Ligand SMILES: *[C@@H]1O[C@H](CO)[C@@H](O)[C@H](O)[C@H]1NC(C)=O
Ligand SMILES: *[C@@H]1O[C@H](CO)[C@@H](O)[C@H](O)[C@H]1NC(C)=O
């Protein structure tokens, strides 16, 4: 809000008029300062719009580990958990201006630093539409670009909700090619590759790309991520280690996608057939599916025959996403190279993704307060402070069915941090 005080006033009453005008100006100015610095509550009009369910809890008290509030969160997650349906996001995105206003996408204020440093995201998702929306919202900046790859097997409401978001937000789009993603198969890797290829062709001149899945959540706000990425100075950041003999089996044997009876409907299964060594004398490294990669690296990949050959060689390996990136960044001469002679970069050294493994709890970190799935912690509210202070950029896993409070409180804390950082970073904060 900007106010100007330049009127033409008759000479006689000049002084008194000037004084009263000045007073009005000061009042307006003070009012406008308050208006900018106070988080403006969403207008009443949106009160009965169905968005994500908000729980009555004090996140500051949770952050301070107040036992009463933490106890309250435990009861809430058991007794009051409300499921946000995919259909309600489909309904909301049917009216884009309502979606944008009720979720505050029009109220994002961007500093110069952020505007000059666009980030691209590749989101490989398959369920819980609202969690995807909240992930995007928590990382949202009009200067960034977001590619959503949804699974061909996803329910129609989920797909409709993703399409709805892409229709409403100009910098969110759906991957032009989509896979049916099967756990540990090449399809998981291809999903990211489809997004990367589309992102390269986007008009946004992003500097880095980060991939995320639907159960991730950021621990840092966009402006903090920008400052961390600048420090990388063109380097890539991801886990890349020498494989153990056990892990080597994943790419020394031919694997076949087979229908299995348990949890996953299809899984790559090992055969006795030994594979040829990797093409072009590539030396194998192993890591995980998640990366922070520079634009230069992706441009290089896009044009490299070696990378293409390596990808087709990887087709019949187990969980190729876990060695593809880790190996490529160690290749001689690639932009942002991690030299082969350098020691292992473990997942604790690479700050991209914090995953709490059940067997390391009490040893490396405090116990999980949510639940576990396949030995991985689904975070609970009591881990809020620990998560925010650990130093990693993102954490995995979150699930509103296990603990909705931790997600709500992370959102609140990130919003708070963002406001503080942005007001410190630049005075010319523009709404985008
Ligand atoms: C979505 O909209 C339809 C049609 O207006 C309505 O019948 C349905 O109850 C809504 N569903 C949700 C979950 O909001
Ligand atoms: C969409 O939402 C806006 C409020 O932002 C409302 O004024 C408008 O009437 C809605 N449009 C439709 C077609 O319902």
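The values are calculated or read from the model by the stated rules, or taken from the named source; none is laboratory data. Everything numeric in this text was worked out from a predicted model, so none of it was measured. Positions of Cβ are backbone-derived with ideal geometry, glycine not excepted, and every protein chain shown enters the neighbour counts.
The one condition from (1) in contact (Cβ under 8 Å) with a residue 24 or more places away in the chain; (2) surrounded by fewer than 19 Cβ atoms within 10 Å (Cβ to Cβ); (3) over 26 Å from residue 207 (Cα atoms) that residue 306 does not meet is (3). Which residues, taken from segment 181-226, are assigned to a loop (DSSP other than H, G, I, E, B) and either more than 18 Å from residue 316 (Cβ to Cβ) or out of contact with any strand residue (DSSP E or B) (no Cβ under 9 Å at 6 or more places or on another chain) (or both)? Within segment 181-226, 201, 202, 203, 204, 205, 206, 207, 214, 215, 219, 220, 221 meet the criteria.
Filtered by the rule that a residue be touching a helix residue (DSSP H, G or I) at 6+ places or on another chain (Cβ under 6 Å) and within 17 Å of residue 411 (Cβ to Cβ), segment 59-75 gives 59, 61, 62, 63, 69, 73.
Which residue out of 294, 314 is surrounded by 13 or more Cβ atoms within 10 Å (Cβ to Cβ), within 21 Å of residue 249 (Cα to Cα) and touching a residue at least 40 places away in the same chain (Cβ under 8 Å)?
On the way: 294 fails: within 21 Å of residue 249 (Cα to Cα).
It is 314.
Apart from one condition, residue 354 fits all of (1) surrounded by fewer than 17 Cβ atoms within 10 Å (Cβ to Cβ); (2) within 26 Å of residue 242 (Cα to Cα); the exception is (1). The set of residues in segment 351-397 that are more than 17 Å from residue 70 (Cα to Cα) and touching a helix residue (DSSP H, G or I) at 6+ places or on another chain (Cβ under 6 Å) comprises 372, 375, 395. Taking helices (runs of 4 or more DSSP H) as the structural unit, those lying wholly within segment 85-131 and holding at least 3 residues that are in contact (Cβ under 8 Å) with a residue 60 or more places away in the chain, buried (at least 22 other Cβ atoms within 10 Å of the Cβ) and within 16 Å of ligand 1 (Cβ to nearest atom) correspond to 86-93.
Just one residue in the set 127, 115 is in the same structural domain as residue 232 (by TED's automatic domain parsing), within 25 Å of residue 417 (Cα to Cα), within 19 Å of the chain's Cα centre (by Cα) and more than 16 Å from ligand 2 (Cβ to nearest atom); that residue is 115.
Look at residue 389 and say whether it is farther than 22 Å from residue 123 by Cα and under 23 Å from the mean Cα position of the chain (by Cα). Before the answer, list the steps.
Values: farther than 22 Å from residue 123 by Cα: yes; under 23 Å from the mean Cα position of the chain (by Cα): yes.
Here the answer is yes, as residue 389 does meet what is asked.
Only one entry of 135, 169 meets the criterion of being out of contact with any helix residue (DSSP H, G or I) (no Cβ under 6 Å at 6 or more places or on another chain) and within 16 Å of ligand 2 (Cβ to nearest atom), and that entry is 169. Could you tell me whether segment 135-155 includes any residue that is within 16 Å of ligand 1 (Cβ to nearest atom), touching a residue at least 24 places away in the same chain (Cβ under 8 Å), surrounded by fewer than 21 Cβ atoms within 10 Å (Cβ to Cβ) and assigned by TED's automatic domain parsing to the domain that holds residue 200? Checked segment 135-155: at least one residue is within 16 Å of ligand 1 (Cβ to nearest atom), touching a residue at least 24 places away in the same chain (Cβ under 8 Å), surrounded by fewer than 21 Cβ atoms within 10 Å (Cβ to Cβ) and assigned by TED's automatic domain parsing to the domain that holds residue 200.
Determine, yes or no, whether residue 257 is within 28 Å of residue 354 (Cβ to Cβ), outside the structural domain of residue 209 (by TED's automatic domain parsing) and either part of a strand (DSSP E or B) or over 29 Å from the mean Cα position of the chain (by Cα) (or both).
Numbers: within 28 Å of residue 354 (Cβ to Cβ): no; outside the structural domain of residue 209 (by TED's automatic domain parsing): yes; either part of a strand (DSSP E or B) or over 29 Å from the mean Cα position of the chain (by Cα) (or both): yes.
For residue 257, the condition - within 28 Å of residue 354 (Cβ to Cβ), outside the structural domain of residue 209 (by TED's automatic domain parsing) and either part of a strand (DSSP E or B) or over 29 Å from the mean Cα position of the chain (by Cα) (or both) - is not met.
Going through (1) modelled with pLDDT under 90; (2) assigned by TED's automatic domain parsing to the domain that holds residue 108; (3) not in a loop (DSSP other than H, G, I, E, B) one by one, residue 267 falls short only on (2).
Quick one: is residue 231 farther than 28 Å from residue 317 by Cα, free of Cβ contacts under 8 Å to residues at least 24 places away in the same chain and either assigned by TED's automatic domain parsing to the domain that holds residue 170 or not in a loop (DSSP other than H, G, I, E, B) (or both)? I'd like the intermediate steps shown before the answer.
Working: farther than 28 Å from residue 317 by Cα: yes; free of Cβ contacts under 8 Å to residues at least 24 places away in the same chain: yes; either assigned by TED's automatic domain parsing to the domain that holds residue 170 or not in a loop (DSSP other than H, G, I, E, B) (or both): yes.
Yes; evaluated as a whole, the condition is true for this residue.
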